[in-house]
Each structure stands twice: as structure tokens, then as C-alpha cells.
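Read the figures in this text as sums done on the coordinates, not as results from a lab. On a predicted model such as this, the values are computed, not experimentally measured, just so you know. Please note: Cβ atoms are built from the backbone with ideal geometry, for glycine as well, and neighbour counts cover all protein chains shown.
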Amino acid sequence: MAALGNLIGIVAACGIATVLEQTLAWGLRRTLLSDATPAHSDHTPLARYERTLLTPHNSDVRWVRAGLMLAGLAGWLTQAWHPAAWTIAIAAWLMALAWDLWTWEGVTAGTERIVWRRGLQRSARSLRLSQIAEVYAVERPGRGPWAALLRRLGLQDGTAYLAVELHNGRAAKLPRTDRWLGVQGVRQLAHHMRLRQQIDAYERRQTQYDELIAQRRAPRLLPDPVDLALKRELVALRRRDERLAGD
């Protein structure tokens, strides 16, 4: 029973450390790091998704999870062993938070552009929606016994991300997230981009139609009276020359 109680205490401490870190990281990304995220561009972000702690096959996420587990374990040891473990807990928690922010990955889309970033050490990349020919919401299920066990429990293990194909034939894969917490954001962003493309195509057709109607309704210019007088005089001179040549 003591071992079970210790296990529950460690799990609870790790959970508290994770919730606190994720909440603070989310707030910092929306405020202090707003100039370094996709939302910094000249559009209002209308749809977004980002990497989560459940994103598989991501070494940066593994380090964040390891730091949070160490912080939770050290926090539990402060009661079971020695208060000095708080130093380790706080240091591990701060390192996990810093690494989470430094390696953050996310995608946002507005009315004109889609912008994404892979880590704050890299510059943000963007594309105009008019450059994109097709957009795909890719969902790849996980493999292995762990993934099979999660599927039996009703959990969607694996990765999800957006892939775009440009009009010039090139393609790009955007940052990945997980199929449990992040997949809805991927689907919503893909739907948003397709909807914006349909709206832009409709607006272009409407503009062309309005221009055609305006041209048809434009008043036709009347001939210049001076030009008409010169043409009549020229015709009269030709007829007179013809009569003189006949005589």
C-alpha cells in the first residue's frame, strides 16, 4: 500500500508540474512571444494549431516531458526525503518551460496568409493563400504495440499535420501535432483555408462580372461632328472628280 501511495503521489506531482508549465507556456506564447509566432504577420489569425506534449517522434517534446517528470519527482521528494529537492524541482521545471518555448512549433492562418514556425531559433515562414493550389489534412496513425493498446482504449495515437501544394508544383509540410489533442486544430485550419480559397475565387468571378456589366452599360461615345463633316466633304470631292473624269 505504501508503494501504491508513493506512486500516486509521484504521478500527481508530475501532473501538477505539467499543468502549471503548459498553462504558463500558453500564456507566454500569446503575449511575450506574440512577435515571434505566426500571429505576428499583417493579418488576424482565424485558425491555428500547434505542437503538444503528446506529439510523437519529436525529440524536443521528449526533453520537455523528461524535465516535467524530473520536476514532479523532485517535488514529491521534498516531502518524502529532504526540502532541498525543491531546488532540483524548480530548476527542472524552469528548464522544461524554457525548452518548450524555445522549440515551440505552430501554424496560424488569416484571411490572406498562412504562417508557421519550427522553433524560435528559426525564422517564421509564410505563404499567401493565393499561392496554394491544394491543402491536405494528413493524419498518420501510430505503430507498434503501444499504439495498438491506445486504439483499443479509444485514443487516437499518431501525428497530424497540414501539407500544401502550390500552383508552381512545389509542396510543403507544416509542423506536426498529435492525433488526440491537436488534430481538431489541423482539420479546422484546413477547412478555413479551403473556405478562403472558395471566397477568393467567388470574389474574382464577381469582380470580372461587374467589370463586364459596367462595360456593357457604359454610354457609347457619339462621333465627333468635325470628323463627320470632313468625311462628307471627302465623299463629295470624290464624286465630283468621278463626274469630271466621265465628261
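Here are the numbers for the structure shown:
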read-out: Efficiency of FRET between Leu120 and Thr207 - r from beta-carbon atoms, R0 51 angstrom, step 0.05; value: 0.80
read-out: Full-extension gain in nm, His191 to Lys231, via 0.36 nm per residue minus C-alpha separation; value: 8.0 nm
read-out: Neighbour-count order for Thr18, Thr108, Thr55, fewest beta carbons within 10 angstrom listed first; value: Thr18, Thr55, Thr108
read-out: Under the Karplus curve 6.51 cos²θ - 1.76 cosθ + 1.60, θ = phi - 60°, whole-Hz ³J(HN,Hα) for the stretch 54-70, x wherever Gly or Pro sits; value: 9, 5, x, 6, 10, 5, 5, 5, 4, 5, 5, 4, 4, x, 5, 5, 5
read-out: Rg ratio (alpha-carbon, reference 2.2 N^0.38 Å) - the stretch 2-205; value: 1.20
